[in-house]
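See structure below.
The values are calculated or read from the model by the stated rules, or taken from the named source; none is laboratory data. Here the structure is a predicted model, which means the values were calculated and not measured. Every residue, glycine among them, receives a Cβ derived from its backbone with ideal geometry; neighbour counts consider all protein chains shown. The accessibility values were calculated without ligands, DNA or RNA, using every heavy atom of the protein model including side chains. Shrake-Rupley method; radii C 1.70, N 1.55, O 1.52, S 1.80 Å.
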Amino acid sequence: MPKDKASYAVLTVEKALDLLDLLAGEPADATIPFFADQLGISRNKTFRLLATLEKRGLVDREEWSGSYRLGISAVELAQRFLMGASLIRYAHPVMARLARTHDEAVYMTVLRGDEVLFLDMVDCDRQVKAAPLVGRRFPFFTNASGKAIKALEARELWGQPGKRRNIKAFPDVAELEKELIAIREKGVAIDIEGLGEGIISVAVAVRDYAGKVIGALTMLGPSFRMVASRLENEIIPSLVEGAEMLSIKFGYARV
């Protein structure tokens with residue numbers, strides 16, 4: 001390939017990666033004019049770039065609005081990458097054991113800004129269960145994972161205050177802080193219906209060698225199965241044990 005064509009091809013790949021990075025931030029105006037302005041290229045080139053990515057399933061276009069979002073192929077590609085990462089590699093066997101023991105869905109989650117990202121899952125065999133959440137993000141205060149992690153983090157409650165204005169069901173700050181203190185003391189977070197009607201999530205934080213919280217083991221299921229006695233006597237002890245085992249794999253030693 002001639003040098004000028006090779007340089008053009010590299011530039012096109014760079015712009016495609018920049019575009020995907022912009023989409024990952026879930027911009028409010030994910031349209032061709034927005035991307036053209038952000039990437040510094042013409043609208044025609046932006047359209048062709050998006051059309052190519054759409055053909056490969058990396059982006060999807062909403063017909064009614066003309067807006068774009070990440071496609072399923074992008075999520076699948078990210079998931080394959082994450083499966084090779086150390087967190088997923090270490091966590092998956094622990095998750096599988098918990099799922100087999102309790103026959104409920106188990107997730108590994110991490111905090112990204114003020115949102116929880118559901119990285120990996122081992123599902124249960126039950127007929128009644130929640131829809132898979134892998135790859136999805138939720139405000140940290142809507143689920144046990146986010147609360148379990150935030151309760152142990154040595155930083156302000158909201159790392160990005162500007163996002164608060166975009167959240168309709170924003171919680172009472174004083175009540176949330178009280179809840180996080182209780183979670184910190186107990187070491188376990190329980191959330192009721194934050195992820196959907198009738199859904200209960202339970203989570204325990206995982207730490208690394210420096211004591212830093214790197215994620216949370218989370219189990220969720222319908223409220224008619226996740227009753228108080230089962231949570232206290234079966235699920236919580238297992239999650240605590242699993243989180244401790246996983247933390248040890250990352251070099252954490254309780255003092």
field: Hits in the range 97-113 - residues which are modelled with pLDDT of 85 or more and either open to solvent by less than 30 Å² (accessible area, probe 1.4 Å) or assigned to a loop (DSSP other than H, G, I, E, B) (or both)
entry: LEU98, ALA99, HIS102, ASP103, GLU104, ALA105, VAL106, TYR107, MET108, THR109, VAL110, LEU111
Residues that are in contact with a Leu (Cβ under 9 Å, 6 or more places away or on another chain) and under 16 Å from MET219 (Cβ atoms), drawn from the range 88-101: ALA91, VAL94, MET95, LEU98
message: One residue is enough: does the range 52-72 have a residue meeting the conditions open to solvent by 20 Å² or more (accessible area, probe 1.4 Å), under 22 Å from LEU23 (Cβ atoms), of a type in the set (Val, Ile, Thr) and modelled with pLDDT of 85 or more?
response: yes
task: Scan the range 208-219 and report the pairs whose first residue is more than 7 Å from THR109 (Cα to Cα) and in contact (Cβ under 8 Å) with a residue 60 or more places away in the chain and whose second residue is open to solvent by 10 Å² or more (accessible area, probe 1.4 Å) and of a type in the set (D, E, K, R), with Cβ atoms within less than 7 Å and a gap of 6+ or a chain change.
output: VAL213/GLU153; VAL213/ARG207; ILE214/ARG207; ILE214/ASP208
message: Checking the conditions here, which among ILE190, ILE181, ILE200 is at pLDDT 90 or above, more than 18 Å from the chain's Cα centre (by Cα) and not charged (D, E, K, R)?
response: ILE181
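Here's the yes/no breakdown for (1) open to solvent by 20 Å² or more (accessible area, probe 1.4 Å); (2) of a type in the set (Gly, Ala, Ser); (3) touching a helix residue (DSSP H, G or I) at 6+ places or on another chain (Cβ under 9 Å):
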site: ILE190; (1), (2), (3): yes, no, yes
site: GLY196; (1), (2), (3): yes, yes, no
site: VAL202; (1), (2), (3): no, no, yes
site: ALA205; (1), (2), (3): no, yes, yes
site: ALA228; (1), (2), (3): yes, yes, no
site: LEU239; (1), (2), (3): no, no, yes
site: GLU244; (1), (2), (3): yes, no, no
site: PHE250; (1), (2), (3): yes, no, yes
query: Taking the range 25-51 as the search range and keeping residues that are within 26 Å of the chain's Cα centre (by Cα) and loosely packed, with under 13 Cβ neighbours inside 10 Å, which one is modelled with the highest pLDDT?
result: ASP29
- line: Residue count, the range 121-152, condition within 22 Å of ALA205 (Cβ to Cβ) and open to solvent by 60 Å² or more (accessible area, probe 1.4 Å), comes to 2
Members of the range 84-96 that are at pLDDT below 80 and open to solvent by 40 Å² or more (accessible area, probe 1.4 Å): GLY84, SER86
message: Any residue in the range 131-149 that is farther than 20 Å from PRO171 by Cβ sitting within a Cβ distance under 6 Å of a residue that is part of a helix (DSSP H, G or I) and open to solvent by 20 Å² or more (accessible area, probe 1.4 Å)? List the pairs, counting only those 6 or more apart or interchain.
response: GLY135/VAL75
- line: Within the range 114-126, restricting to residues that are over 16 Å from PHE141 (Cβ atoms) and part of a loop (DSSP other than H, G, I, E, B), the one that is modelled with the highest pLDDT is ASP123
task: Please indicate, with yes or no, whether at least one residue in the range 219-241 is part of a strand (DSSP E or B) and under 19 Å from ARG112 (Cα atoms).
output: no
query: So is PHE81 open to solvent by 40 Å² or more (accessible area, probe 1.4 Å), modelled with pLDDT of 85 or more, in a helix (DSSP H, G or I) and among the hydrophobic types (A, V, I, L, M, F, W, C) or not?
result: no
